[in-house]
Amino acid sequence: MMLKIENLSATVGGKKVLQGLTLSVNAGEVHAIMGPNGSGKSTLSYVLAGRPGYEITSGSVTFEGRDLTTLAPEERARAGLFLGFQYPVEIPGVNNVYLLKAAVNARRKALGQTEVDAYEFLQLVRAKMKLMQMDESFLSRGVNEGFSGGEKKRNEILQMLVIEPTLAVLDETDSGLDIDALKVVARGVNSLRSANRGVLLITHYQRLLDHIVPDQVHVLARGRIAKSGDKTLALELEKRGYDWVIEAA
Amino acid sequence: MTAAFPDTRDENWRYANLRPLAKARPEAPAGVALPSLPDPPPLEGYQPWVFVDARYLRHSPAPGGHEFATRLDARAAGDAFAGMLDAEIAAAGVDFALARMNARRGDEVLHIAVPDGEHAAIDVRFHALSAGGTGTSYPRLQVQLGRHARLDLAERHLGAGAPDPAVNAAVDVSVGAGATLTHVRIQDCAEQASVFDTLVANVAEHGQYRLRTITLGAVSSRTTAFVKLAGRAARCDFIAASVANGIQTHDFFAEIDHAAPEAATREIFRGIATARGKLAFNGKMIVRENAHDADSDQSLKTLLTGSGAEAAARPQLEIYTDRVKARHGATTGKLDDQMLFYLLSRGIDRQQAQALLQWAFVEDAISQVELAPLRQHIESLVAARLNEVSSLDGLVNRS
């Protein structure tokens with residue numbers, strides 16, 4: 001079991017958002033988390049990444065056998081957890097390429113590996129940028145500085161591809177993307193799929209799942225998993241909306 | 001100490017720490033044995049001039065053979081500068097007290113006069129050798145640019161052995177019509193140094209004064225600057241950056257006087273106070289009645305990263321005409337939590353992430369230093385102060 005969340009409750013600013021959430025993700029699987037606004041989807045992603053202000057009140061989260069909740073955000077990242085932000089932050093003055101390299105080296109160090117060779121690194125980044133249809137000029141720009149919404153999302157996926165995490169939590173990576181950009185992002189995510197990686201795909205809409213086919217689909221409602229199923233559940237949600245799931249829960 | 005000496009009850013001096021200067025002995029002794037001087041990277045195409053305790057040590061011939069800089073006796077310098085500064089000093093009172101002291105006690109002046117249409121590049125280094133207990137040094141620069149002349153000037157104040165030198169510098173600038181002065185000032189004196197400087201500039205019509213001030217050293221520093229945009233469409237670009245670590249106090253007072261139509265200013269300050277560091281930037285903009293269509297833009301930002309750190313960024317506007325564009329913004333804040341979390345979520349150490357964000361903050365100003373080798377030198381000095389930024393490789397845009 002790669003990720004095991006048991007009976008997790010969490011508050012944000014004193015407000016209960018997650019209320020007894022249980023979810024397991026095996027290596028090699030892609031799980032989609034869907035749900036209406038305010039159901040706790042983004043909160044789940046921040047709780048997993050360790051964002052300050054998101055307090056776990058009960059339950060447990062185990063990631064590859066380790067208690068994730070005892071780790072600082074940077075330790076979680078080095079352990080192989082990646083959060084793709086819904087709203088990526090702009091950091092003028094820090095280059096994209098610097099951040100990428102620092103992130104890769106932090107992960108390599110945690111794995112007991114030497115720092116990445118500068119030439120090989122650049123080759124790798126260039127190849128991934130090509131896949132994401134990003135111009136190389138993005139490398140020398142400040143992190144997300146002046147990027148459009150779609151460019152920011154591509155940049156998140158680029159970071160993920162370069163860092164090669166074990167578990168990627170992608171928070172509404174599809175929001176704000178036109179159909180062409182959606183395909184590019186999906187191609188990036190699919191290229192990372194492998195038997196030893198997991199993906200938690202948080203999304204509002206079924207359309208992303210046409211391009212990234214999930215192994216399981218979960219509906220999050222009122223802070224817990226209200227229903228789980230295979231990819232056909234997403235199609236059903238698209239037709240019928242969320243109310244029937246919430247009422248039945 | 002004369003009666004006209006400033007103290008912290010004066011509004012323009014309330015953040016300044018004047019005690020070290022009051023304690024220091026008046027004059028640095030001549031002929032102190034020279035230690036090996038720190039050797040900052042030479043600037044290609046610039047003529048170097050080196051002073052120790054404000055006394056001439058050496059210089060190289062000017063590239064191209066045109067000597068635009070000369071050494072003048074301090075007493076003669078006032079005449080050479082056509083009395084411009086003296087008239088200002090006489091009128092302005094306490095804010096010029098330190099410059100008056102410099103004029104009275106200094107030995108010599110480096111006088112740079114670039115004639116009409118000529119171009120020069122000069123790198124002046126002032127090394128402070130004597131300890132404050134031994135004596136204060138009084139470096140002085142006078143700069144005169146003729147019509148459509150250009151000068152690229154680096155002015156560096158550096159340490160040289162003594163842990164606690166005292167420096168009271170003065171710079172007088174006259175930018176002629178259509179002339180451009182690019183003036184990069186770096187203060188990187190010893191940690192316990194006390195450094196004071198007064199800059200007075202007059203910019204004629206269509207003249208441009210591009211001033212970049214980087215303040216890193218000294219336990220206590222105070223920069224006082226008066227820039228008069230005296231001619232139509234005169235322009236000043238005033239970019240300042242400072243990092244106050246430990247118990248350092250860096251205080252700035254900058255007054256820019258828009259005294260002619262279409263005078264324009266862009267003023268940017270980025271300062272970081274860490275630990276118990278203190279920072280103050282008081283930016284005063286005056287727009288005179290006749291300065292219609294003047295344009296002034298101020299952005300003063302300070303960042304506090306220490307529990308005992310203090311900062312004050314104060315824009316002041318005095319506007320006497322309706323036809324003016326004046327924008328100003330001032331913030332004092334802490335590191336952005338969202339940015340910090342973003343970096344942490346990529347596996348970057350907390351300390352390194354904090355240093356990176358500090359770097360990014362101050363780089364906003366440093367990136368405005370046009371000359372690449374000088375900017376890189378400044379960046380490495382700043383990185384060394386933000387000690388978790390161990391390598392600039394890839395961090396800085398080299399383009």
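DSSP beta bridges fully contained in the protein assembly as shown are about 20 percent antiparallel. Mean separation of Cα pairs under 8 Å and 6+ residues apart, divided by the residue count of region A:160-249: what relative contact order is that in percent? For region A:160-249, the relative contact order is 25 percent.
Note on region B:255-322: the alpha carbon radius of gyration divided by the globular reference 2.2 N^0.38 Å gives 1.37. Summing charges over neighbours of B:Pro42, with a neighbour being any other residue whose Cβ is under 12 Å away from its Cβ, gives -1 when K and R count +1 and D and E count -1.
Note on B:333-343: average number of Cβ atoms from other chains within 10 Å of each residue's Cβ is 5.
Placing dummy labels 7 Å off each Cα toward the beta-carbon, the span from B:Ser307 to A:Tyr87 is 3.1 nm.
To one decimal place, what Kirkwood hydrodynamic radius in Å is obtained for chain B from all pairs of distinct Cα atoms?
On the way: mean 1/r = 0.0470 Å⁻¹.
After inverting the mean inverse Cα-Cα distance, the result is 21.3 Å.
Rounded to the nearest 0.05, what FRET efficiency do A:Thr70 and A:Ser137 give with R0 = 35 Å and r taken as the Cβ-Cβ distance? Could you check? Calculated value: 0.30.
Ignore the peptide's own chain and count Cβ atoms of other chains within 10 Å of each Cβ in A:94-104; give me the average, rounded. Average per residue, whole number: 6. The modelled label-to-label distance for the pair B:Arg14/A:Arg126, using points 7 Å beyond Cα in the direction of Cβ, is 5.8 nm. Our coupling estimate for region B:113-128, obtained by passing each phi through the Karplus curve with A = 6.51, B = -1.76, C = 1.60 and θ = phi - 60°, is 10, 9, x, 3, x, 8, 10, 9, 9, 9, 10, 9, 10, 10, 9, 9 Hz, Gly and Pro reported as x. Annotation: the antiparallel percentage among DSSP beta bridges lying fully within region A:155-248 is about 50.
Once every Cα of region B:243-381 carries one equal point scatterer and solvent is ignored, give the base-10 log of I(q)/I(0) from the Debye formula at q = 0.14, 0.15 Å⁻¹, two decimals. The calculated log intensity ratios at q = 0.14, 0.15 Å⁻¹ are -0.74, -0.82.
Here the translational diffusion coefficient of the protein assembly as shown follows from Stokes-Einstein with Rh set to the Kirkwood radius across Cα pairs; for 25 °C and 0.890 mPa s it amounts to 89 µm²/s. Residue-wise HN-Hα couplings along region B:130-139, as the Karplus relation 6.51 cos²θ - 1.76 cosθ + 1.60 with θ = phi - 60° gives them from phi, are 6, 6, x, x, 8, x, 9, 9, 10, x Hz; Gly and Pro carry x. What shape does chain A take by its C-alpha gyration tensor, where a ≥ b ≥ c are the square roots of the eigenvalues and a/c under 1.5 counts as rounded, a/b above b/c as prolate, and the rest as oblate? Cα axes put chain A in the prolate bin.
Peptide packing for B:227-239, A:68-80 was compared via the average number of neighbouring C-beta atoms within 10 Å per residue; ordered from the highest value, the list is B:227-239, A:68-80.
The calculated FRET efficiency for the pair B:Lys23 and A:Ala110, based on their C-beta separation and a Förster distance of 56 Å, comes to about 0.60.
Overall size of region A:21-131 from C-alpha positions, given as principal axis extents largest first: 45, 31, 28 Å. For the residues of A:83-93, the average number of beta carbons from a partner chain within 10 Å of their own beta carbon is 5. Between A:Glu236 and A:Met1, the contour length at 0.36 nm per residue exceeds the alpha carbon distance by 81.8 nm. Under the simplified labelling scheme, the A:Thr57-B:Ala33 pair shows an inter-label distance of 7.4 nm, with each label point 7 Å from Cα along Cα→Cβ. Taking Lys and Arg as +1 and Asp and Glu as -1, the other residues whose beta-carbon sits under 13 Å from that of B:His59 total +1. Just to confirm a number: summing +1 for Lys and Arg and -1 for Asp and Glu over residues other than B:His328 whose beta-carbon lies under 13 angstrom from that of B:His328, what do you get? Cβ neighbours under 13 Å give a net charge of +2. One compactness figure for region A:135-241 is 1.15, namely its Cα radius of gyration divided by 2.2 N^0.38 Å. Length gained on full extension, B:Gln316 to B:Arg71: 84.4 nm, using 0.36 nm per residue less the C-alpha separation.
Here region B:117-174 carries DSSP beta bridges of which approximately 0% are antiparallel, counting only pairs with both residues inside. By the count of other C-beta atoms within 10 Å, a proxy for reagent exposure, B:Trp13, A:Trp244, B:Trp359 are ordered fewest to most as A:Trp244, B:Trp13, B:Trp359.
Which helices count as membrane-span-like in chain B under these terms: full DSSP H, at least 15 Å along the axis by C-alpha, Kyte-Doolittle mean of -1.0 or more?
B:350-366, B:372-385
All of the numbers you see were taken from the coordinates with simple rules; none came from a lab. Note that this is a predicted model, so its numbers are computed, not measured. Reconstructed Cβ throughout: ideal geometry from the backbone, glycine too, with neighbour counts over all protein chains shown.
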